[in-house]
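The values are calculated or read from the model by the stated rules, or taken from the named source; none is laboratory data. It should be emphasised that the depicted structure is a prediction, and the values quoted were computed from it without experimental measurement. Ideal geometry is used to build each Cβ from the backbone, glycine not excepted, and the neighbour counts take in all protein chains shown. What goes into the accessible areas is simple: the full protein's heavy atoms, side chains included, and nothing from ligands, DNA or RNA. Shrake-Rupley method; radii C 1.70, N 1.55, O 1.52, S 1.80 Å.
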Amino acid sequence: MEPFKLDLENYRELLKRYMNNQDETSLYQAELFSKLSMQHNILPEEIINIHIQALKDLCPDIPKEIDMSMNFLLETMISYGLAYQEFQSLREKQGELESEISVAANMQQTLLSTTKPDVDDLDIGAVSVPANKMNGDYYHFVTDENGNVGVAIADVIGKGIPAALAMSMIKYSMDSFPETQRNPSAILENLNRVVQRNVESGMFITMFYGLYHPRTSTMAFSSAGHEPGFYYHAEQDEFCEIKTEGIVLGVDENASYPQFELSLAEQDLVVLLTDGVTECRIGDRFIETDEVLQVIRDYMHLPAQEAVEQVYRYFERLQGFQLRDDFTLIFFKKKFHQ
Amino acid sequence: MEPFKLDLENYRELLKRYMNNQDETSLYQAELFSKLSMQHNILPEEIINIHIQALKDLCPDIPKEIDMSMNFLLETMISYGLAYQEFQSLREKQGELESEISVAANMQQTLLSTTKPDVDDLDIGAVSVPANKMNGDYYHFVTDENGNVGVAIADVIGKGIPAALAMSMIKYSMDSFPETQRNPSAILENLNRVVQRNVESGMFITMFYGLYHPRTSTMAFSSAGHEPGFYYHAEQDEFCEIKTEGIVLGVDENASYPQFELSLAEQDLVVLLTDGVTECRIGDRFIETDEVLQVIRDYMHLPAQEAVEQVYRYFERLQGFQLRDDFTLIFFKKKFHQ
Amino acid sequence: MSQSCVTINQEWDIVAARHMGREKSKELNIGTVDQARIATAISELARNIYLYTESGTICFEAIEDPHHYKKGLKIIAKDEGPGIKDISKVMEDGFSTSGGLGAGLPGVKRLMDSFDIISEEGKGTEVIAVKWSR
Amino acid sequence: MSQSCVTINQEWDIVAARHMGREKSKELNIGTVDQARIATAISELARNIYLYTESGTICFEAIEDPHHYKKGLKIIAKDEGPGIKDISKVMEDGFSTSGGLGAGLPGVKRLMDSFDIISEEGKGTEVIAVKWSR
Ligand SMILES: [Mn+2]
Ligand SMILES: [Mn+2]
Ligand SMILES: [Mn+2]
Ligand SMILES: [Mn+2]
């Protein structure tokens, strides 16, 4: 195919060939013509105009009424042309805003970054993907001097930039807690007060905090209204929901967060997640818990990091590659004794 | 004019009238037809199609080649139709983003809110207005148990969302400093390390920190590359620049911030500001320092809060009601002895 | 430098203004596409007057550039309506002024080659827009 | 359930695929506008194969909905190319895949009534899209 020119002559030649042959090649070139025209900011009314010109050249005896009808058609295209121009400015504006948000998202990532702890008897996997650029979910690992592993998972009710701002607050606050207060119940009580004081009413945060003691193979945990996780009991090959009590952060200044405990045997698995996983929407319906557990079951034999990534990919596809909510999933797997 | 229907019949009637009369009324209605169509998400190729149908109804003996030519034209419109659909999703997305930013800006205001301290011998005024929705300037007052008044004023190099995120960080960090380190030099050294550690390279923060001791009527201060403020010496009726040394935060981990002192006599005034005030742009030129001081002089006899607001309003108007940078101005005025 | 004007009191006057604008455009040899754009711009300006003010006028003037290289059509839309409080706001896309149906003043700006607006609250608004013949 | 396929090796094959798609659409009584949309979707899919993979196929299948209420055209575009690493990314507007000239996969999704994609890095990509006759 010869190189493409964006002009009346070219359009006329294409149109002529199509009128003679009614061939698909001409129609394909019509498509290319319009795409190139768009790249050169040609508006739809100009396409109509070039069509009128070409038609008059090709059929000089075109009936007058048909000629007139084309002017009428041209008139209807002006507003579409305006919309196309507005689209172009909006795209530019959007580009600027998106690069601002990218910078902010990078800052957030630097700020919220965490390292998976390297513990002998645990295989840990974690994935957290924002629905948009900025993440309103949060997870964090800490290891104290006794080798205990703390894991936090949280979700701001809401998404995007405001949620991300609130998450940064949580992170700063946690960083400034003294080491002595690092048990789940105390941490949530502390955070609750911070949220209560600093966050506008109407913005709530749910959080689960677990503290794993390798010596006893137990996990102590408390939850502030967070989406319940699951405990997979390997011996009985059974999942059960991890029950907790405790209100979301930021509602009641005097809230207390009872602490529970879970004993992990070999091959047991603790699944922590946010509602972006369990409230995955497929078309018009939400996914059922059984389906979620089935997907987890399908991949949990894999190394923990690979497993969470596969589960994520599965749900990403199920939702047509457009997450409706931030998605965070953590696998906490007790290894075989070696 | 009769109520408007969005259908083939209606289009055909309009087209028929135009073909008979070539009147402006029909063309005006063509415009209304296309605008209403756009509101109902009708794509341009559908307009072409309805035109083809109407034309065939009105001229049953339309030459075959002209009919074919219209199919060719229709083919060129598909891409424009796609662009229109993309425009609609983009507009929706943009709307969401803007309301997100509004919420975030509100949160930021709650977070950064500060109360002017009530000190016997001081009259304090402060105003801070963002150029866009989110503020990359920051000011804050603290009063310690001895009645000393701390004042911080800062500017992130950059605007918008990333700047606002960085500002939140500054605020959290300052909140968590122990009381014992609240002298200007130490505060800036501390913050410098926080910024160095947590903020991506390329984002800098300038800050001025002053600590006023009412007992001695002196203000100790340090600056991290911040826009110099002014000291008005009432006795000599003279302004002078407040000289400082110290590099912006986030550049050099080991930077130190020398501390200076200023004695305030009755009616003396300390003016703290960000470069949004001094680099106010009028058309093509920047304002001169003398002009800034003249404006300050014109209003400084007023109560401090009223004075800063008047100065702001003056500059807002000068810039055609479109701030190019965040604008922050603080007056710190030593009262008459009563 | 003679002006021809149409007074806008009712919706029909929008058509009269478009008609006059189109005739003037033809006299100045402005092409079909630009004629249609000018007509749409006139609709927008006239609809603003019709919807938001008691009455106003749309005037037309044939002009020449300083070097006499080209001719153009100048449209002056003037009213003594409530005026525009925040001009930057109405010049933003998406902030439409004519009942959601129009592209607003940013649309007029796009349809024409040059655009200026003067408005005072309580006194009225004047929009001046030019389209050159090519 | 018989499929007709076109192998995409060179640019000309895009036209062959469009042609086959259009013929099938006509057989299914799909209207002119939708025919043009289907052709544009095929261009997009075939151009992706042509530009980014060694070769691939575009197949067509006439289908019926479960209640036999309506007929539709199913398009299956399959290649053994490099696969798509981040599918959500290529499904975003503005992230065009065909050399800046196309509306990309989001365009295909808009042009058709249903859309699905399976891709594995290093193994290839399969897009399945359906358009129903109205
Ligand atoms: Mn959330
Ligand atoms: Mn969520
Ligand atoms: Mn700044
Ligand atoms: Mn500044």
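Just a few scattered comments:
- Looking across segment A:274-291, just one residue is out of contact with any Leu (no Cβ under 9 Å at 6 or more places or on another chain), β-branched (Val, Ile, Thr) and either free of Cβ contacts under 8 Å to residues at least 12 places away in the same chain or open to solvent by 30 Å² or more (accessible area, probe 1.4 Å) (or both), and that is A:THR289.
- B:ALA154 being crowded, with 17+ Cβ neighbours inside 10 Å, away from chain A (no Cβ under 14 Å) and closer than 20 Å to A:MET169 by Cα: yes
- Residue in segment B:121-135 that is within 14 Å of another protein chain (Cβ to nearest Cβ) and surrounded by fewer than 18 Cβ atoms within 10 Å (Cβ to Cβ) present: yes
- Within segment D:1-57, being among the β-branched types (Val, Ile, Thr), at pLDDT 95 or above and not in a helix (DSSP H, G or I) holds for D:VAL6, D:THR7, D:ILE8, D:ILE30, D:THR57.
- Just one of the listed residues (B:LEU82, B:LEU8) is open to solvent by less than 30 Å² (accessible area, probe 1.4 Å), farther than 21 Å from A:GLN53 by Cα, more than 7 Å from chain A (Cβ to nearest Cβ) and not charged (D, E, K, R), namely B:LEU82.
- Look at segment A:137-161: where a residue is under 30 Å from A:SER102 (Cα atoms) and a partner is within 16 Å of ligand 3 (Cβ to nearest atom), sitting 6+ places away or on another chain with Cβ atoms under 7 Å, you get A:ILE161/B:ILE161.
- Residue that is surrounded by fewer than 17 Cβ atoms within 10 Å (Cβ to Cβ), of a type in the set (Asp, Glu) and more than 25 Å from B:LEU43 (Cα to Cα), where the choices are D:GLU61, D:GLU23, D:GLU54: D:GLU54
- Hey, B:MET203 open to solvent by less than 60 Å² (accessible area, probe 1.4 Å), within 14 Å of chain A (Cβ to nearest Cβ) and either away from ligand 1 (no atom under 16 Å from the Cβ) or not acidic (Asp, Glu) (or both) or not: yes
- Taken over segment A:234-251, the criterion of being surrounded by 13 or more Cβ atoms within 10 Å (Cβ to Cβ) and part of a strand (DSSP E or B) is satisfied by A:PHE239, A:LEU249.
- Single residue of segment A:252-281 satisfying the filter (within 15 Å of the chain's Cα centre (by Cα) and outside any loop (DSSP other than H, G, I, E, B)) that is farthest from A:THR218 (Cα to Cα): A:ARG281
- Flag for B:THR328 being over 21 Å from B:GLY125 (Cα atoms), of a type outside the set (Phe, Trp, Tyr) and in contact (Cβ under 8 Å) with a residue 12 or more places away in the chain: no
- Under the condition of being farther than 30 Å from C:GLY122 by Cα and open to solvent by 10 Å² or more (accessible area, probe 1.4 Å), the residues counted in segment C:35-51 number 2.
A quick yes/no check of all residues on (1) open to solvent by less than 70 Å² (accessible area, probe 1.4 Å); (2) over 14 Å from the mean Cα position of the chain (by Cα):
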position: A:MET300; (1), (2): yes, yes
position: A:VAL311; (1), (2): yes, yes
position: A:ASP326; (1), (2): yes, no
position: A:PHE336; (1), (2): no, yes
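- Check on B:ASP268, more than 16 Å from ligand 4 (Cβ to nearest atom) and open to solvent by 50 Å² or more (accessible area, probe 1.4 Å): no
- For B:ALA220, the test of being closer than 17 Å to B:PHE331 by Cα and either crowded, with 17+ Cβ neighbours inside 10 Å or β-branched (Val, Ile, Thr) (or both) is passed.
- Scan of segment A:157-173 for residues that are open to solvent by 10 Å² or more (accessible area, probe 1.4 Å), near ligand 1 (Cβ under 10 Å from one of its atoms) and either part of a helix (DSSP H, G or I) or within 17 Å of A:SER223 (Cα to Cα) (or both), ordered by number: A:ILE157
- Matching option when the condition is assigned to a loop (DSSP other than H, G, I, E, B) and more than 16 Å from ligand 3 (Cβ to nearest atom), among A:VAL151, A:VAL119, A:VAL142, A:VAL127: A:VAL119
- Residue count for segment A:36-78, restricted to those that are within 7 Å of chain B (Cβ to nearest Cβ), open to solvent by 10 Å² or more (accessible area, probe 1.4 Å) and assigned to a helix (DSSP H, G or I): 3
- Among the criteria (1) open to solvent by less than 20 Å² (accessible area, probe 1.4 Å); (2) more than 16 Å from ligand 4 (Cβ to nearest atom); (3) under 21 Å from B:TYR172 (Cβ atoms); (4) small (Gly, Ala, Ser), the one B:SER113 does not fulfil is (1).
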